[in-house]
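Where a number appears in this text, it was derived from the coordinates with a stated rule and is not lab data. Just so we're clear, the structure is a prediction, and the values are computed from it rather than from any experiment. In this analysis, Cβ positions are derived from the backbone assuming ideal geometry, glycine residues included, and neighbour counts consider all displayed protein chains.
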Amino acid sequence: MRAIAILFVVGSHVLWVFPEVDGPLVTLLRLCGVMGVEIFFVLSGFLIGRILYRIFTNPEFKVADLKYFIIRRWFRTLPNYYLILLINIALVIYLGRQLPESLGYYFVFLQNFSSGMDIFFTESWSLPIEEFAYIVGPVLFYLAVLLWKTKNREWIFFWVTLAIIAFFLVTKVGYNSSTGSNTLDYWNINLKAVVLYRIDAIYYGVLAAFVSLKYAEFWKRTTFTFLFLGIILFVGLHILISNLGLTPQSHPFFINVLYLPMCSIFIAMSLPFLSRLKRVPNYLLKPITWVSLISYSMYLLHYSIILQLMRFYVSPTEISEPEKWLYTLSYLALTFLLSHILYRFFEKPMMDIRDRAYFKQKFQQQ
């Protein structure tokens with residue numbers, strides 16, 4: 001699932017090389033780019049949801065467990081993020097461009113908290129959504145456990161998850177009331193990529209995690225049913241949007257409030273099948289595993305660094321059609337190569353720190 005998501009995102013940015021191309025394939029690639037990140041959100045929610053569920057329903061639960069969870073997530077996400085942020089800053093200076101006035105916000109994940117962000121390190125928009133999701137849920141789960149000590153923690157987990165989803169659905173209603181009809185580009189920057197409206201995307205995955213653990217037998221029985229239904233609903237939704245011409249301008253409530261949650265739900269419906277997929281041929285397993293391992297590095301490197309530098313030295317508008325295909329292959333090769341290097345020599349060593357004995361002992365003793 002992670003491998004598919006990153007290939008969707010990286011593949012969609014091939015359109016940068018062919019700006020003159022138009023048609024159904026272009027529309028499909030753009031949709032893949034959008035849905036790639038949505039897949040990341042749902043998958044992330046599913047994975048952290050299963051961890052958090054086990055933490056909070058453990059009779060021996062202690063605050064140290066929660067702290068260790070958050071620190072583990074930070075070792076997974078922050079080192080790569082800050083390294084690439086610094087490289088982006090150096091790159092902007094090198095290219096002779098102006099750094100954004102909001103630069104300081106990028107260091108505390110506030111660049112797109114309540115409104116659209118600057119055109120700088122543009123793929124970073126999803127990271128604040130992830131980081132706030134890692135904190136909002138655990139803190140609310142903990143407060144709810146303190147408030148209702150005698151209640152069943154499994155159901156506390158469920159109701160808090162629903163409350164988070166409901167809250168961010170309400171924020172989208174608020175956006176629609178204050179903004180209403182607008183262009184797709186405006187929607188893309190000021191709603192789809194804003195923390196205040198998007199944390200629920202991750203908590204649909206958390207809700208799926210609850211179902212997978214609380215109702216394990218039901219989860220097993222619905223493997224193919226939900227996969228088939230999710231695909232039909234997802235494809236049907238986009239055929240409907242295309243045929244009826246639904247846009248933020250023509251149908252603002254549907255696009256502003258309902259569209260993204262529906263996509264998250266339909267993506268989550270593939271989880272029973274994918275989470276139980278055990279047997280994969282080695283010739284598929286190895287490349288899929290490799291791409292999934294380097295996916296975070298790929299996400300951070302491919303666009304604002306690799307493509308930006310390539311476009312600075314060789315503009316796609318100034319080369320022939322055959323040269324554009326060579327350009328595309330170079331972009332993809334560089335993305336995979338540099339991402340592998342970043343993962344092997346920086347991302348993984350930083351992640352390994354969190355599993356060292358002294359780190360675990362420090363939190364287990366609290």
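Run the simple label-point estimate for Leu146 and Phe345 please: 7 Å along Cα→C-beta, distance reported in nm.
4.5 nm
Set the Förster distance to 25 Å, then compute FRET efficiency between Ile51 and Asn188 from the Cβ-Cβ distance, nearest 0.05.
E between Ile51 and Asn188, to the nearest 0.05, is 0.20.
Can you list the HN-Hα couplings for the range 349-362, worked out from phi with the Karplus curve (6.51, -1.76, 1.60; θ = phi - 60°), rounded to whole Hz and with x for Gly and Pro?
x, 5, 5, 5, 4, 5, 9, 5, 4, 5, 5, 5, 4, 4
Please order Phe121, Phe224, Phe141, Phe158 by the number of other Cβ within 10 Å, starting at the fewest.
Fewest-to-most Cβ neighbours within 10 Å comes out as Phe224, Phe158, Phe141, Phe121.
Just checking my list [x] 21.2, 70; [y] 23.7, 69; [z] 22.2, 71 against Rg and Dmax of the Cα atoms in Å computed from this structure; which label fits?
[x]
Taking the Cα centre of the chain as the origin and placing charges on Cβ (Lys, Arg +1; Asp, Glu -1), which of Pro252, Leu326, Thr223 is farthest toward the positive end of the dipole?
The residue sitting most towards the positive pole is Thr223.
So if I place +1 on the C-beta of Lys and Arg and -1 on the C-beta of Asp and Glu, and nothing else carries charge, what would the dipole magnitude of the range 258-366 be about its Cα centre? I want it in debye, nearest 20.
Using only the charged Cβ atoms, the result is roughly 720 debye.
How far is helix 153-179 tilted, in degrees, relative to the longest principal axis of the Cα atoms in the chain, given as a value from 0 to 90 rounded to the nearest 10?
It is inclined by approximately 40 degrees.
At a Förster distance of 35 Å, what's the computed FRET efficiency of Trp155 paired with Phe253, Cβ-Cβ distance as r, to 0.05?
Numbers: r = 32 Å, r/R0 = 0.91.
The pair Trp155/Phe253 has a calculated efficiency of 0.65.
Between 0 and 90 degrees, rounded to the nearest ten: what's the tilt of helix 321-342 against the longest Cα principal axis of the chain?
40 degrees
Would you mind working out the magnitude of the charge dipole of the chain relative to its Cα centre, with +1 at each Lys and Arg C-beta and -1 at each Asp and Glu C-beta, to the nearest 20 Debye?
The calculation lands at about 1720 debye.
Across the range 278-295, in residue order, what do the Karplus-derived ³J(HN,Hα) couplings come to in whole Hz, using 6.51 cos²θ - 1.76 cosθ + 1.60 with θ = phi - 60° and x for Gly and Pro?
Karplus values, whole Hz, x for Gly and Pro: 9, 9, 10, x, 4, 5, 9, 4, 5, x, 5, 4, 4, 4, 5, 5, 8, 4.
Can you tell me how much longer the chain between Ala357 and Glu321 gets when fully stretched, taken as 0.36 nm per residue apart minus their C-alpha distance, in nm with one decimal? Intermediate values should be presented prior to the final figure.
On the way: separation 36, 0.36 × 36 = 12.96 nm, distance 5.51 nm.
Gain on extension, Ala357 to Glu321, equals 7.4 nm.
Suppose R0 equals 35 Å. What FRET efficiency, 1/(1 + (r/R0)^6) with r the Cβ-Cβ distance, do Ile241 and Val280 give to the nearest 0.05?
The calculated FRET efficiency here is 0.60.
On the principal axes of its Cα set, how long, how wide and how thick is the range 158-211? Give whole Å, largest value first.
On the principal axes, the range 158-211 reaches 37, 18, 14 Å in Cα extent.
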